[in-house]
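Okay, structure first, notes after.
The values are calculated or read from the model by the stated rules, or taken from the named source; none is laboratory data. All values derive from a computational prediction rather than experimental measurement. Because the Cβ atoms are built from the backbone with ideal geometry, glycine has one as well, and the counts that use them run over all protein chains shown. Calculation scope for accessible area: heavy atoms of the full protein, side chains included, ligands and nucleic acids excluded. Shrake-Rupley method; radii C 1.70, N 1.55, O 1.52, S 1.80 Å.
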There are 4 protein chains.
Amino acid sequence: MTEYSINRSQLVCVASFLAFPGKEVALIEALGSLIPDTRREPGCIRYELNQSRDEPRRITFVEKFVDVAAFETHCAKDAIQEYFHKVMPALVESFHVETYHEIIV
Amino acid sequence: MTEYSINRSQLVCVASFLAFPGKEVALIEALGSLIPDTRREPGCIRYELNQSRDEPRRITFVEKFVDVAAFETHCAKDAIQEYFHKVMPALVESFHVETYHEIIV
Amino acid sequence: MTEYSINRSQLVCVASFLAFPGKEVALIEALGSLIPDTRREPGCIRYELNQSRDEPRRITFVEKFVDVAAFETHCAKDAIQEYFHKVMPALVESFHVETYHEIIV
Amino acid sequence: MTEYSINRSQLVCVASFLAFPGKEVALIEALGSLIPDTRREPGCIRYELNQSRDEPRRITFVEKFVDVAAFETHCAKDAIQEYFHKVMPALVESFHVETYHEIIV
């Protein structure tokens, strides 16, 4: 039997966006532009953008923050709010954001 | 405009499993038991297990390997094959595995 | 000119230990035994042990914690105190611990 | 007893530079300018720059590459050669580069 525990402090987020056809590059540029400032946030542990190999329109952030408050601070930033409310609607067909706690073995 | 490039060598994988009701702990133990040996694979960069905060039955690996060959070597390991073919059917309602390349800005 | 900022919240530590001749394996085992519990600490971002290629008696931790308080909590743990005060004197010829803040570009 | 193994494929490097008095900022800018292109190298797993808290003139890279060849490719890049041969002599009082293999427990 594997012993495990849950790190309930840190927060992991997988945020996946499906670009409209032909909008992949614009979506990558919009999401990529968020990276430098986010990595400067003191609560940011990881903020990595990825493109699906089988479905190149699928662009997915893998994120880790030091705690829930740091994640909420991130989400409330002007640039993030602007992405979700002004940029994303023109570029994204559907999206899914799921937050996690890491399981430590 | 954000300059970016795609790291087409390294491979990122997000593998998400939805446990049958009541099978979360058994699933976490089964997936957790794969971690130590996988982290010893020379091609493994990251192999982290997570539990969804909103849907605790959702258990998701965030993985990174040095290249596609290292990922395929991992997938072919006896323990991984046994998980997918013998262990998972009794524990998992649905699953999705997506592979990515990281976008570097 | 490269713009940069310092992440003064998170704490990076490089802790390097030179084993007495013939004590490398005992030192690796002693330091390795600290890894699982440390990775369960909510403030631990990274805790990786390494062996020098040119000088195999040199065993070095690369560490990252969410903040200074998390690092101090770690250092005050019984297992860490026991290592420094009871285990290390018999195994280690010299050591150096240096703490850092990450520079974000 | 703690079981462990050595990942002899991947290569970890800790490269530490002590700036001449008054040259810290110039050194951070010179080393920081190397980060974006290095992170685009397919063999780069980690390339993080840090400033010592107790000795701010000490600037240290924590690096990980997929294998020795990827590290050597990195070291042979024009920008790295130029740093070591043309930039560093004016900025750095002393330096130490040590390479490691990670110990996996």
Where a label projected 7 Å from the Cα of D:Glu82 along Cα→Cβ would reach, residues of region D:50-73 with amide N under 20 Å | D:72-73
Too-long pairs where the Cα-Cα distance tops 31 Å, listed order kept, from B:Lys23/D:Lys64; A:Lys23/B:Lys64; D:Lys23/D:Lys64; B:Lys86/C:Lys64 | B:Lys23/D:Lys64; B:Lys86/C:Lys64
Taking all protein chains as present, what is the carbon and sulfur share of the accessible area of chain A, in % to the nearest whole number, probe 1.4 Å?
-> 52 percent
Net charge dipole size for chain B [Lys, Arg +1 and Asp, Glu -1 on Cβ; Debye, nearest 20] = 120 debye
Kindly provide the helix-only [θ] at 222 nm of the protein assembly as shown, computed as the sum of -39,500 (n - 2.57) over DSSP H runs of four or more divided by all residues, to the nearest 500 deg cm²/dmol?
-> -7500 deg cm²/dmol
Could you give the spread of the C-alpha atoms of chain A along their three principal axes, from largest to smallest, in whole angstroms?
-> 47, 32, 19
Over all residues in A:67-74, what is the mean tally of Cβ atoms on other chains that come within 10 Å of each residue's Cβ?
-> 1
Convert each backbone phi in region A:65-82 into a coupling constant with the Karplus relation 6.51 cos²θ - 1.76 cosθ + 1.60 (shift: θ = phi - 60°), then list the ³J(HN,Hα) values in order as whole Hz, x for Gly and Pro.
-> 10, 5, 6, 5, 4, 5, 5, 5, 4, 4, 5, 8, 4, 3, 5, 6, 4, 5
Net charge near B:Pro89, counting Lys/Arg +1 and Asp/Glu -1 over other residues with Cβ under 13 Å of its Cβ?
-> 0
Computed accessible area, C:Ile6, all protein chains, 1.4 angstrom probe, square angstrom | 40 Å²
Across the residues of D:20-27, average count of Cβ atoms on other protein chains within 10 Å?
-> 0
Buried solvent-accessible surface, both chains (C, D), 1.4 Å probe, Å² to nearest 100 = 3200 Å²
Ignoring ligands and nucleic acids, B:His85 exposes an accessible area, probe 1.4 Å, in Å² to the nearest 10, of 130 Å²
Gap separating the Cα centres of region A:67-105 and region A:1-50, nearest whole Å = 8 Å
Over the heavy atoms of A:Asp67, what accessible area does a 1.4 Å probe trace out, to the nearest 10 Å²?
-> 60 Å²
So, over other residues within a Cβ distance under 12 Å of A:Thr60, counting Lys, Arg +1 and Asp, Glu -1, the net charge is -3
What is the average number of partner chain Cβ atoms found within 10 Å of a Cβ in D:54-63?
-> 3
Surface accessible to a 1.4 Å probe, per residue, for the residues of the protein assembly as shown, Å² | 44 Å²
Separation of the C:Glu55 and D:Glu3 label points, Cα + 7 Å toward Cβ, nm | 3.2 nm
Please report, in debye to the nearest 20, how large the charge dipole of the protein assembly as shown is about its Cα centre when each Lys and Arg carries +1 at its beta carbon and each Asp and Glu carries -1 there.
-> 0 debye
